[in-house]
Structure formats: structure tokens, C-alpha cells
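One structure below.
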Amino acid sequence: AGGHLFTPREGARALGMGSRRLRGFTAARVALKMLARRLGLVEKSRPDWTIETLGPDEVSPCLAESDIYCSAAHSNRFVVAVAHRHPIGVDLERVSEKVMRTRHLFLKSTELDLISFSPLGPERTATRVWTVKEAAAKVLRLHLFDSFREVEVVRVREKEWVMRYSEKAYPVKHAEGNGQVITLVSGDAL
């Protein structure tokens with residue numbers, strides 16, 4: 001799979017992935033390569049298989065081996081890639097009841113209170129909290145389970161939220177459309 005898309009490192013990473021995981025990995029690679037072109041990091045005619053999007057740790061994304069921070073995410077229907085001069089994390093998730101069923105795995109008691117009082121309703125609010133923790137894991141380079149435990153959403157507003165990690169507050173931005181929530185977490189503490 002991806003014979004004309006993947007660099008050798010990306011191809012090696014893709015080996016053995018199941019079809020669902022491979023689809024998301026491939027979509028993220030395409031989005032990152034398109035973003036690298038759009039930002040002028042590589043010439044538009046450069047072949048995809050020469051544009052590296054896998055960081056030195058074999059997990060984190062990169063943009064053509066540049067020093068620009070980036071993040072990528074995908075859902076069952078969409079993919080997103082973002083770049084910034086400061087660390088950034090992005091997540092994309094479909095609003096669904098699944099998030100509410102698993103809320104005990106990732107919500108703190110204070111966050112349960114936020115969900116109870118949010119005018120967005122429980123599913124939309126819980127989905128946003130989930131995406132905050134996923135995006136935070138990316139920007140802070142945490143394992144997702146550590147993000148669930150150590151990152152806390154502390155302020156909820158319609159478009160901009162605030163999360164806390166290690167006694168620092170970080171801005172969070174959300175957008176929603178087509179039944180999907182997209183969340184950006186900036187690595188710049190407030």
C-alpha cells in the first residue's frame with residue numbers, strides 16, 4: 001500500500017497495520033504532504049514518496065523534516081493537518097454517544113460537572129473534552145492515558161476553552177461541523 005506515497009520510513013511504519021488504521025495513517029500522510037507543499041517547504045512537483053512526514057521518533061509527524069511544529073488527526077470521514085511556529089496539537093472526533101459511554105475513563109469529577117451544566121449538551125461537551133485530551137497528549141508528548149489523568153479542562157466557553165496541565169493553563173479552540181468536532185491545543189501556556 002502507498003507505493004507512490006510513502007517514504008521508506010513511512011512504508012516501514014505502515015507495514016502490518018490493519019485496514020482501518022492504515023486508512024487513517026495514509027490520510028494523515030497525504031494531508032501533511034499537502035500542507036508541506038502549501039507552506040512552501042517543498043516544491044509542488046516533488047514526488048510524495050520523497051516528502052518525509054514521520055518524525056525521528058517514528059511516531060510524531062513532521063513536515064518535510066522542517067523545524068515547524070505540526071499535528072494531524074483523522075476521523076471516519078475527515079482528516080486535518082495543522083502547523084505552527086509553537087507546539088500544537090489537533091484532534092478530530094465525531095460527536096457520538098460512544099464518548100458518553102466511556103466518559104468514566106477520561107473525565108475527572110470536575111469535568112463531569114462542566115458537562116452537566118454546559119449548554120452544548122452532554123454528548124457535544126464530552127466529545128470536546130475527549131478531543132482536548134487527545135490534542136493535549138500530542139502537544140505535550142504524553143501517552144493518552146497520562147493525558148486522561150493529568151490534563152484537566154478548567155474553563156468552558158462556546159469557542160475557546162482552557163485546559164490545565166502541570167499547573168499551567170493552555171488555550172483550546174474548537175470548531176464543529178458535519179457532526180465532527182475539531183480541537184486545537186496550543187503549546188503556549190497562558
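Below, the figures for the structure above:
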| item | result |
| --- | --- |
| Rel. contact order, % - alpha carbon contacts under 8 angstrom, at least six apart, the chain | 16 |
| log₁₀ of I(q)/I(0) at q = 0.14 Å⁻¹ - the stretch 9-113, Debye sum with one point per alpha carbon | -0.63 |
| The stretch 1-75, dipole about Cα centre (Lys/Arg Cβ +1, Asp/Glu Cβ -1), debye to the nearest 20 | 380 |
| Charge dipole magnitude, Cβ of K and R +1, D and E -1 - the stretch 1-154, Cα centre, debye nearest 20 | 500 |
| Per-residue [θ]222 nm for the chain (sum of -39500 (n - 2.57) over DSSP H runs n ≥ 4, rounded to 500) | -11000 deg cm²/dmol |
| Hull shadow area, averaged, the stretch 62-122 [alpha-carbon convex hull, nm²] | 6.0 |
| Translational diffusion of the chain, µm² s⁻¹ [Kirkwood Rh, Cα pairs; Stokes-Einstein; 10 °C; 1.306 mPa s] | 92 |
| Accessible heavy-atom area order of H4, H104, highest first, probe of 1.4 Å | H4, H104 |
| For S45, solvent-accessible area (1.4 Å; no DNA, RNA or ligand), Å² | 100 |
| Distance from the stretch 55-88 to the stretch 98-117 (C-alpha centre basis), Å | 28 |
| Accessible surface ranking that places the most exposed of R85, R29, R164, R37 first, with a 1.4 angstrom probe | R85, R164, R37, R29 |
| Residue-level accessible surface for S118, protein heavy atoms, 1.4 Å, Å² | 20 |
| Exposed-site-free run, longest, the chain (rule: GluC sites (Glu not before Pro); DSSP loop; at most 12 other C-beta within 10 Å) | 59-157 |
| Probe 1.4 Å, all protein chains present, accessible-area order of V82, V30, largest first | V30, V82 |
| Mean accessible surface per residue for the chain, computed with a 1.4 Å probe while every protein chain stays in place, in Å² | 55 |
| Over the stretch 1-71 - Rg/Rh using Cα atoms and the Kirkwood inverse-distance radius | 0.94 |
| Mean shadow area of the stretch 105-190, taken as a quarter of the surface of its Cα convex hull (nm²) | 5.1 |
| Nearest-0.05 FRET efficiency for L144 and A169, computed from C-beta distance (R0 22 Å) | 0.60 |
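The values are calculated or read from the model by the stated rules, or taken from the named source; none is laboratory data. Given the structure is predicted, the values throughout are model-derived calculations rather than measurements. Here the Cβ is made from the backbone with ideal geometry for all residues, glycine too, and neighbour counts use every protein chain on show. With ligands, DNA and RNA removed, areas are computed over all heavy atoms of the protein, side chains included. Shrake-Rupley method; radii C 1.70, N 1.55, O 1.52, S 1.80 Å.
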